[in-house]
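**Student:** My structure is below; once you've seen it, I'll send some questions.
The values are calculated or read from the model by the stated rules, or taken from the named source; none is laboratory data. Predicted model, so just to flag it, every value in this text is computed and none were measured. Every residue, glycine among them, receives a Cβ derived from its backbone with ideal geometry; neighbour counts consider all protein chains shown. Heads up: the accessible areas ignore ligands, DNA and RNA and are worked out on the full protein's heavy atoms, side chains in. Shrake-Rupley method; radii C 1.70, N 1.55, O 1.52, S 1.80 Å.
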Amino acid sequence: SMWTGIELHSNDILEASINLSNCSIQNAHIGILDAEPAAFDLIVDGEYDPLAYLDGFTSESWGADIVLDWCSFDACVLGFMLTNFEVFLPDIQDFQITNCTFSSPEYGLLDAQYLFGAENDYPNNQYPWYGLANSQKRSFCGVLIAGARGPSVGNFGNGNTFENLETGVRCFRSSVDIFNNQFNNIQFGVHYSNYGRYWNHTPGVVITDN
């Protein structure tokens, strides 16, 4: 069965940082979450709101170090996720994801509720943070970053591999450098949104040699 994953909880006194190398995270709903789950409603004004999922997390991360190198995220619904909804975008001092692999198997995720047409698909009211189910029965996203400035996914010499996912890197209202990554069997290599509650700033994404 699947497990929740690693959660990093920060506050106004202490920053939660992580530095991982040569590790493997498998079968997690969210492999590494730099945020804290909070109560939220999946349905807004009678309709499913695609941004409601992001509202389900709170974060006070203002520059915590995030370094992932030679790590693998296999069969996780979402590999790495950072969310920050402060008024001003924080500058992440040292945020690098390099030489990592994000993948999902051809036979589907381990939790039966991720199978399309299951009686109680995720997300649901009991487990609203468990990520989006999809008909392809594969991981929703490798890296999701919302509300941050400075993260680097790959660099000129050390990229990452995204294999058999719905989306490789998904960004909301963020400034992210995406370098030298490989995207295989993916619907969206990079998906960037800057709308609705996220349009107060004009960040951007730099995509190079992917």
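**Student:** With the requirement that a residue be part of a loop (DSSP other than H, G, I, E, B) and either of a type in the set (Gly, Ala, Ser) or crowded, with 23+ Cβ neighbours inside 10 Å (or both), what does segment 131-156 give you?
**Tutor:** Here is the first cut: in segment 131-156, the ones part of a loop (DSSP other than H, G, I, E, B) are 131-138, 147-148, 154-156.
Across segment 131-156, the qualifying residues are 131, 133, 135, 138, 147, 148, 154.
**Student:** Where residues in segment 86-121 are at pLDDT 80 or above and aromatic (Phe, Trp, Tyr), which of them is most open to solvent (accessible area, probe 1.4 Å)? Steps first, please.
**Tutor:** The initial filter retains those residues of segment 86-121 that are at pLDDT 80 or above, namely 95-114.
Restricting the remaining residues to those that are aromatic (Phe, Trp, Tyr) gives 95, 102, 107, 114.
Details: 95: 5, 102: 3, 107: 174, 114: 7 Å².
So the residue we want is 107.
**Student:** From (1) of a type outside the set (A, V, I, L, M); (2) open to solvent by less than 40 Å² (accessible area, probe 1.4 Å); (3) modelled with pLDDT under 90; (4) in a loop (DSSP other than H, G, I, E, B), pick out the condition that doesn't hold for residue 159.
**Tutor:** Exception for residue 159: condition (3).
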